[in-house]
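Here's the structure, in structure tokens; my notes come after.
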Amino acid sequence: MGFARTVTCLMTIAVGAILMTSTAQAYDWLDHDMRRLHSSEVANVKELAADASAVLLVNTASHCGFTGQFEGLEALHQEYAGKGLKVIGFSSDSFNQEADDEAAAAETCFVNFGVTFDMMATVPVRGSNAHPIFAEVARQTRAPRWNFNKYLVSPDGEVVEVFGALTGPDSRKLRRAIDRLLSS
């Protein structure tokens, strides 16, 4: 192999390694082992997001007027998973609307709404005891103001858009933001 080809090959490998490292480091704030909802299984959120071109983080509750959004979130998951979107839900009782029993919260998600996207066990999402993932979300943008806030995260780890509970998963605004991020 000639010198120029060797240098080109080494530069390509180096750039690829830098890109892989920067993407891996971008999601570092998601590097938390969390128990899945109503399960003893633990998953690392950063690993769940590792192959995603976009991540949608959602704080959820099973006894909220917006609980019906689980259906739309599942539809987003089904439509966009193959295109690079990762939907991750976080059960939360920060607004006192989560079921007292985790089995009941899981039934709402998995049985009533057929959720197949990743759902993490109940964590606080605001205030001084917010889970570190939501503390970082608040640092970058704002803390959830209610249940079913949606945070769209780019591959470089930046929360690029925040959608409140009034913006449903079927919203054109949300879908346009997802499409823009996936095509960038």
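Using a 10 Å cut-off around each Cβ, can you sort ASP179, ASP28 from fewest to most neighbouring Cβ atoms? Write out the running numbers ahead of the final one.
Numbers: ASP179 14, ASP28 10.
With the sparsest Cβ surroundings first, the list reads ASP28, ASP179.
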Practice task
Give me the distance between the Cα centres of segment 155-184 and segment 28-73, rounded to whole Å.
Solution key: 16 Å
Exercise for the section: Multiply the residue gap between SER128 and ALA43 by 0.36 nm, knock off their C-alpha separation, and tell me the result in nm, one decimal place. Expected result: 28.2 nm
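Taking a temperature of 37 °C and a viscosity of 0.692 mPa s, what whole-number D in µm²/s does Stokes-Einstein yield for the chain with Rh from Kirkwood over alpha carbon pairs?
Numbers: Rh = 17.2 Å.
Here the translational diffusion coefficient equals 191 µm²/s.
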Handout entry: Translational diffusion coefficient (Stokes-Einstein; Kirkwood radius from C-alpha pairs) of segment 134-182 at 10 °C, 1.306 mPa s, in µm²/s
Key = 142 µm²/s
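Once the other residues with Cβ under 15 Å from the Cβ of VAL42 are scored (Lys, Arg +1; Asp, Glu -1), what is the net sum? It would help to have the intermediate numbers written out before the result.
Details: positive: ARG35, ARG36, LYS46; negative: ASP31, ASP33, GLU41, GLU47, GLU102, ASP118.
Within the 15 Å Cβ shell, the charges total -3.
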Handout entry: Spin-label zone in segment 52-78 - amide nitrogen under 18 Å from a point set 7 Å from the Cα of ALA143 along the C-beta vector
Key = 58-61
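Quick one: net charge around SER62, please, counting Lys, Arg +1 and Asp, Glu -1 for every other residue with C-beta under 9 Å from its C-beta. Walk me through the intermediate numbers first.
On the way: positive: none; negative: GLU98, GLU107.
Net charge in that neighbourhood comes out at -2.
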Fill in the blank from the handout: Under the Karplus relation with 6.51, -1.76 and 1.60 and θ = phi - 60°, whole-Hz ³J(HN,Hα) for segment 81-88, x at Gly and Pro, equal 4, x, 9, x, 8, 10, 9, 10
Exercise for the section: Starting from the Cα of VAL111, step 7 Å along the direction of its Cβ; do the same at ALA50; then give the gap between the two resulting points in nm. Expected result: 3.4 nm
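Given the -39500 (n - 2.57) contribution per DSSP H run of 4+ residues, what per-residue ellipticity at 222 nm results for the chain, rounded to the nearest 500 deg cm²/dmol? Intermediate values should be presented prior to the final figure.
Numbers: 6 runs with 67 residues, N = 184.
Theoretical 222 nm ellipticity from helices: -11000 deg cm²/dmol.
Quick note: the coordinates plus some simple rules give every number you see, no bench work behind them. All of these numbers come straight from a predicted model, not from anything done at the bench. Ideal geometry is used to build each Cβ from the backbone, glycine not excepted, and the neighbour counts take in all protein chains shown.
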